[in-house]
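**Student:** This is the structure I want to talk about, given as structure tokens.
The values are calculated or read from the model by the stated rules, or taken from the named source; none is laboratory data. Small disclaimer: the values here were computed from a predicted structure and weren't measured. A quick note on method: Cβ atoms are made from the backbone with ideal geometry, for glycine too, and the neighbour counts reach across all protein chains shown.
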Amino acid sequence: MKDDAFIHLCQPDANKSCGACCGLYNYADSTKDSLSRRLRERTNYFRETIRCREDLPDFFRTVKMSEDTRKIYEVIYCCEYLGFLDDAEKKVGCLLHPCQNDGADMREVSFYGRELCEGHLCPSYHYLSREEKLALTNIANDWYLYGLCVTDIDLVKSYFRLISERVCETPSPARLKENGLGDIILNFFSFKISWPFRSSATNRFGKYYFDGSEYMINRIDYNALGCKGSRFNSIFLSLSSEFQNMQELKEGEKLIEANIDEFARAYLQ
Ligand code: SF4
Ligand code: SF4
């Protein structure tokens, strides 16, 4: 039965994939437009110039010299060989992978090396439940948002805990295909891109902020806002929130609550 099969979070289907652990979101400019341009140019260049592994050093040097190499977090490597796997640019992935090169595996030239690249399974494989994985892979339809969400374990778990509490059960992946429930969940995860209270600091990524080679977990100073905390704290942190005052905090809470209410109404119909 399909539901018993291993869920491949990296390359779940033909419409999306993830490249987060190859450093995709670690560029200083990690907007979708900027990343798309970067991946498109290097993929085209790879396709035009790489005929065998001896061509790779020139490719590497050219990419290094021509691209903006500024990063959010110095410690995380941004791999030059991440590109688009398909002409429609729906899937990001490894240009050195054998599936991209008539069976030739060229990943040994990469920073991490073939064994690490081949064997790596990020913590989401272990910490997300089967229902959470299926919900994400069934609902997300875009590589940029998918990669941002599938790697944000706090955001995924916090949201599914909240909606499960509201409907008094763990929503089954099959139910999420009904009544527009998938769209409601997608709207919630889209806050990852459109959240109005997102900090403008360039050294923030989800709940983390970076100082050179150090990283720390951000805290929201609720006392300064005039309250003790929020039940949406972990979600706010994942969304890199920065509230200027109590009114903004309340507006943020209303946005989350409205989504959960909408989900519960549609689910309990
Ligand atoms: S971050 Fe996780 S899901 Fe994404 S490509 Fe890496 S191992 Fe796969
Ligand atoms: S070589 Fe490794 S790190 Fe680079 S894109 Fe391929 S899988 Fe990712």
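**Student:** Based on this model, can you work out whether Lys90 counts as more than 14 Å from ligand 2 (Cβ to nearest atom), under 16 Å from Phe6 (Cβ atoms) and within 20 Å of the chain's Cα centre (by Cα)?
**Tutor:** Judged against the criteria, Lys90 is not a match.
**Student:** Now, a different point. Please state which of the following conditions Arg38 fails to meet, knowing it meets all the rest: (1) assigned to a loop (DSSP other than H, G, I, E, B); (2) surrounded by 20 or more Cβ atoms within 10 Å (Cβ to Cβ).
**Tutor:** For Arg38, the failing item is (1).
**Student:** Which of the helices (runs of 4 or more DSSP H) found entirely inside the range 127-210 contain at least 1 residues meeting this: assigned by TED's automatic domain parsing to the domain that holds Ala28 and touching a Phe, Trp or Tyr at 6+ places or on another chain (Cβ under 8 Å)?
**Tutor:** Result: empty, no element qualifies.
**Student:** I need a count of the residues in the range 237-268 that are in contact (Cβ under 8 Å) with a residue 24 or more places away in the chain and either under 18 Å from Lys207 (Cα atoms) or in contact with a Ser or Thr (Cβ under 8 Å, 6 or more places away or on another chain) (or both).
**Tutor:** Within the range 237-268, residues that are in contact (Cβ under 8 Å) with a residue 24 or more places away in the chain and either under 18 Å from Lys207 (Cα atoms) or in contact with a Ser or Thr (Cβ under 8 Å, 6 or more places away or on another chain) (or both) number 10.
**Student:** Restricting attention to the range 211-256, which residues are assigned to a helix (DSSP H, G or I) and within 23 Å of the chain's Cα centre (by Cα)?
**Tutor:** Matches in the range 211-256: Asn233, Ser234, Ile235, Phe236, Leu237, Ser238, Gly252, Glu253, Leu255, Ile256.
**Student:** Right, another one. Output yes when any residue across the range 205-217 is more than 17 Å from Ile260 (Cβ to Cβ) and touching a Ser or Thr at 6+ places or on another chain (Cβ under 6 Å), and no when none is.
**Tutor:** Checked the range 205-217: at least one residue is more than 17 Å from Ile260 (Cβ to Cβ) and touching a Ser or Thr at 6+ places or on another chain (Cβ under 6 Å).
**Student:** Got a number for residues in the range 17-35 being part of a loop (DSSP other than H, G, I, E, B) and of a type outside the set (A, V, I, L, M)?
**Tutor:** 7
**Student:** Can you name every residue in the range 51-93 that is surrounded by 13 or more Cβ atoms within 10 Å (Cβ to Cβ), touching an Asp or Glu at 6+ places or on another chain (Cβ under 9 Å) and of a type in the set (Val, Ile, Thr)?
**Tutor:** Correct list: Val63 only.
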